[in-house]
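Trainee: Quick one: structure below, then a few questions.
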Amino acid sequence: MTTPPDDEFEPHTDPLDPENVELVRPYVITNGRDVTGASRFELLTLVTAAEDAQPGKHLDPEKRDLVTLCEGGYLSVAEIAGHLKLPVGIVKVLLADLAEGGLILTRRPVPPAQLADIQVLQEVLDGLQARFG
């Protein structure tokens, strides 16, 4: 039995077709601002919507989508950019605006764990072996 080529299942799109071209340029989404003011957001910074956040009609569609996405719990900046299909720099600018407006809460990424002392680990192992054989 032969299987059809993978490209038969994928729609053929012309990248120059006006219907396939992204209509909104990134600098329009951020009103021409860059990421200098949004530098406090790292890729692993965790973001969630504030409990009283009501993304109203006064927000841009991208900001509204971002707040709605974050209502489910903490997401990293990288995850948000992936879900919204926007560049990370654009997401950082949007997050800075939303944080300033009190619509989102941020939390620094969890720091990497410090290396445990080998002696402590050995004592734990010895205790477990003594107890459970």
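Trainee: Using only the Cα atoms, what convex hull volume per residue in Å³ does the stretch 46-86 have? If you can, show how the numbers build up before the last one.
Mentor: Details: hull volume 2.3 nm³, N = 41.
Considering the Cα atoms of the stretch 46-86, their hull volume per residue is 57 Å³.
Trainee: Using a 1.4 Å probe on the protein chains only, how many percent of the accessible area of the stretch 68-133 belongs to carbon and sulfur? Walk me through the intermediate numbers first.
Mentor: Details: 2660 of 4600 Å².
Ligands and nucleic acids excluded, carbon and sulfur give 58 percent.
Trainee: Given Cα positions, please report Rg to Rh for the stretch 66-133, the hydrodynamic radius being the Kirkwood one. Working shown, then result.
Mentor: Numbers: Rg = 20.7 Å, Rh = 15.4 Å.
Here Rg/Rh amounts to 1.35.
Trainee: If we count every other residue with Cβ under 10 angstrom of residue 84's Cβ, Lys/Arg +1 and Asp/Glu -1, where does the sum land? Present the calculation step by step, with values, prior to reporting the outcome.
Mentor: Numbers: positive: 85; negative: 62, 65, 79.
Cβ neighbours under 10 Å give a net charge of -2.
Trainee: Can you tell me the length gained on complete extension of the stretch residue 54 to residue 68, counting 0.36 nm per residue apart and subtracting the Cα distance? Write out the running numbers ahead of the final one.
Mentor: Details: separation 14, 0.36 × 14 = 5.04 nm, distance 0.91 nm.
My answer for the length gained is 4.1 nm.
Trainee: Report the local net charge at residue 40: Lys and Arg +1, Asp and Glu -1, summed over other residues whose C-beta lies under 10 Å from its C-beta. Each step should come with its number before you reach the end.
Mentor: Working: positive: 92, 108; negative: 42.
So the surrounding residues net to +1.
The values are calculated or read from the model by the stated rules, or taken from the named source; none is laboratory data. Since we're looking at a predicted model, the values are computed, not measured. Don't worry about glycine lacking a Cβ; one is built from the backbone with ideal geometry, like all the others, and counts go over all protein chains shown. The accessibility values were calculated without ligands, DNA or RNA, using every heavy atom of the protein model including side chains. Shrake-Rupley method; radii C 1.70, N 1.55, O 1.52, S 1.80 Å.
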